[in-house]
Amino acid sequence: MCHNEKYCHEDITNDMWEKIDAVIQTHKQTPGAVITVLRECQDIVNYLPTQLIDYIADGMNLPSSEVFGVASFYSLFSLKPKGRHTVKICTGTACYVKGIREVLSRIEGEFDLCEGETSENRRFSLQGVRCLGACGLAPVMVVGEDTHGDVKPEKVVQILDKYK
Ligand code: FES
């Protein structure tokens, strides 16, 4: 049974609701705390479902539209579920020249994943990034905190298989 009938959401457990309540209680009297509250709630749930945004708005005594506006303005916030691992693929010139397109196609085909999307099983989120600042290692892919250089299409599946 959901702890929070009105705002019930399959991705938010009762345990999470308790933590969310604690975050709101801590910050509800602080003007301008909505970004902090959104960030801490996103850390708890992994993203910001609409029901959670409405709940935060109620708890902070703010219009939902205002909280939604903040959540959609900052790239820090995600309104869609994120994968357990974020895969950043560099689409900058050096990486492009060294064949990152083929690497990207291989990932998309093997993991049924599109750039900008999260896989069905929420294992990976795939992002294209202009330059990852490691052009000497091109083509480059970053998974979570790990940078992988000289990534070849025939190696990439093996690399990603280590991230469960
Ligand atoms: S162009 Fe890929 S890391 Fe710079």
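Distance between the pseudo-spin-label points of Q29 and E115 (7 Å out from Cα toward the beta carbon): 5.0 nm. Relative to the longest principal axis of the Cα atoms of the chain, the long axis of helix 50-60 lies at roughly 40 degrees.
Its Cα centre serving as origin, the chain has a Cβ charge dipole (Lys and Arg +1, Asp and Glu -1) of approximately 580 debye.
For the chain, find the longest principal axis of its Cα atoms and tell me its angle to the long axis of helix 64-73, 0 to 90°, nearest 10. The angle comes out near 20 degrees. Over the residues of the chain, the helix contribution to mean residue ellipticity at 222 nm works out to -13000 deg cm²/dmol, using -39500 (n - 2.57) for each DSSP H run of at least 4. Taking a point 7 Å from the Cα of D21 along the Cα-to-Cβ direction, the residues of the stretch 56-77 with backbone N closer than 18 Å to it are 56-61. When each of F111, F73 is scored by the number of other beta-carbon atoms lying within 10 Å, the sequence from fewest to most is F73, F111. Measuring against 23 Å, Cα to Cα, the residue pairs K80/K164; K82/K152; K19/K162 contain K82/K152; K19/K162 as the ones spanning a longer distance.
Compactness of the chain is given as radius of gyration and Dmax, 18.9, 55 Å, from Cα positions.
Pull up the DSSP beta bridges for the chain and report the antiparallel fraction as a percent, rounded to 5. DSSP beta bridges in the chain are roughly 55 percent antiparallel.
Which loop trypsin sites (Lys or Arg not before Pro) in the stretch 60-138, with loop taken from DSSP, have no more than 10 other Cβ atoms within 10 angstrom of their Cβ?
Taking the stretch 60-138 and a limit of 10 other Cβ atoms within 10 Å, the loop trypsin sites (Lys or Arg not before Pro) found are R130.
Taking other Cβ atoms within 10 Å as a rough exposure proxy, T30, T147 sort from fewest to most as T30, T147. Computed from Cα positions, the angle between helix 34-45 and the longest principal axis of the chain comes to roughly 70 degrees.
Using R0 = 35 Å, the C-beta based FRET efficiency linking H9 and E102 works out to 0.35.
Amide H to amide H, with H built 1.01 Å from N, R123 comes under 5 Å of R84, counting only residues 5 or more places away or on other chains.
All of the numbers you see were taken from the coordinates with simple rules; none came from a lab. Computed from a predicted model, the values in this text were never measured in an experiment. Using ideal geometry, Cβ is built from the backbone for each residue, glycine included, and neighbour counts are taken over all protein chains shown.
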